[in-house]
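Below is one structure, written out as structure tokens, with a few remarks after it.
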Amino acid sequence: MRPPPPRRSVARTLSLVAEPVVRIPDAKVALSTASVYPESTATAFEIAARLGYDGVEVMVWTDPVSQDIEALRRLSDYHRIPILAVHAPCLLITQRVWSTDPWVKLQRAKAAAEKLDASTVVVHPPFRWQRQYARDFVEGIWRMADETDVRFAVENMYPWRYRDREMLAYAPDWDVTKDDYRHFTVDLSHTATARTDAMDMIDRMGDRLGHVHLADGKGSAKDEHLVPGRGTQPCAELLERLATTNFDGHVVIEVNTRRAMSSAEREADLAEALAFTRLHLASAVRVPRS
């Protein structure tokens, strides 16, 4: 009688079929300078470099340094950390920053991005009372995008709520997927405030998703910008999807640290956000062995 064939372990047999591979996308993880408020833009560069972020996104707002291209370049060179994106001054408190004309603001944001070698300009849809700007916005963004290699990534917003009332403050719409843009920014704090399904929105954005503002929220009427993992939004699921879809944009940590009791506590929150992001961007997938 012939001896029985040698037995392979189940693990050995499975290893002949597939093996785990960690797939990490080319996406860089950046720190929004808004994440250190009320500290300064300069402080954001220092923290980003110390914690090991890949770059920063500059929120252009009332801090004079955020508006000064040469000052930003010096900070980038000194800390050896690149500026990956410029957030145009679209907030209520920045109505007079870089002109009162919204198109001038976007032209200056584009020029800043080009001079600073940033690949993306983040822009909000217009406020509803900016009627002419809102009327021309979709076509105007396409026209500006055709003039540069910089991506204009239009960001999803949310309805404003007070008690049982809701105000549609943005036009053409807070849900930017209802209009035709070349690139989108998805913000998961904004999906929480809008009480919309984040993954459905990302599906609608498809391959036009060019930029991510990573934060969390619990569905409050206030835009919370919690550290990822502290709310109800699918932050981990989004990052894991990016890892399997060859996402080539940037993931920007844009969180609210205003309640931090000290600089050390603020830095700990930003370190936690970075660790969460890197962990979930490293997605383990099984691929057949060749």
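The values are calculated or read from the model by the stated rules, or taken from the named source; none is laboratory data. Since the structure is predicted, the reported quantities are computational estimates derived from the model, not experimental observations. We place every Cβ from the backbone using ideal geometry, glycine too, and count neighbours over all the protein chains shown. Note: areas computed on protein heavy atoms with side chains; ligands, DNA, RNA excluded. Shrake-Rupley method; radii C 1.70, N 1.55, O 1.52, S 1.80 Å.
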Specify which of the listed residues (His79, His190) is in contact with a Phe, Trp or Tyr (Cβ under 7 Å, 6 or more places away or on another chain) and either open to solvent by 20 Å² or more (accessible area, probe 1.4 Å) or touching a residue at least 60 places away in the same chain (Cβ under 8 Å) (or both).
His79
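Give Val10, Val86, Val21 a once-over and let me know the one that is at pLDDT below 85, in contact with a strand residue (DSSP E or B) (Cβ under 6 Å, 6 or more places away or on another chain) and of a type outside the set (Gly, Ala, Ser). Reasoning before the result, please.
Details: Val10 fails: in contact with a strand residue (DSSP E or B) (Cβ under 6 Å, 6 or more places away or on another chain); Val86 fails: at pLDDT below 85.
When all the criteria are applied, what remains is Val21.
Quick check on Thr148: is it at pLDDT 95 or above and in a loop (DSSP other than H, G, I, E, B)? Full working, then the answer.
Values: at pLDDT 95 or above: yes; in a loop (DSSP other than H, G, I, E, B): yes.
Yes, satisfied.
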Among (1) within 21 Å of Gly140 (Cα to Cα); (2) in a strand (DSSP E or B); (3) touching a Pro at 6+ places or on another chain (Cβ under 8 Å), where does Glu166 come up short?
(1)
Subset of the range 126-145, residues free of Cβ contacts under 8 Å to residues at least 24 places away in the same chain and either under 24 Å from Asp200 (Cα atoms) or assigned to a strand (DSSP E or B) (or both), comes to none
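Is it the case that Arg128 is surrounded by fewer than 21 Cβ atoms within 10 Å (Cβ to Cβ), among the basic types (Lys, Arg), farther than 30 Å from Ala271 by Cβ and touching a strand residue (DSSP E or B) at 6+ places or on another chain (Cβ under 9 Å)?
On the way: surrounded by fewer than 21 Cβ atoms within 10 Å (Cβ to Cβ): yes; among the basic types (Lys, Arg): yes; farther than 30 Å from Ala271 by Cβ: yes; touching a strand residue (DSSP E or B) at 6+ places or on another chain (Cβ under 9 Å): yes.
Considered against the rule, which asks whether it is surrounded by fewer than 21 Cβ atoms within 10 Å (Cβ to Cβ), among the basic types (Lys, Arg), farther than 30 Å from Ala271 by Cβ and touching a strand residue (DSSP E or B) at 6+ places or on another chain (Cβ under 9 Å), Arg128 comes out as yes.
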Hey, His190 within 25 Å of Glu166 (Cβ to Cβ), part of a strand (DSSP E or B) and either touching a Gly at 6+ places or on another chain (Cβ under 6 Å) or not β-branched (Val, Ile, Thr) (or both) or not
no
Extreme residue, least open to solvent (accessible area, probe 1.4 Å), among residues of the range 227-272 that are among the charged types (D, E, K, R) and outside any helix (DSSP H, G or I)
Glu254
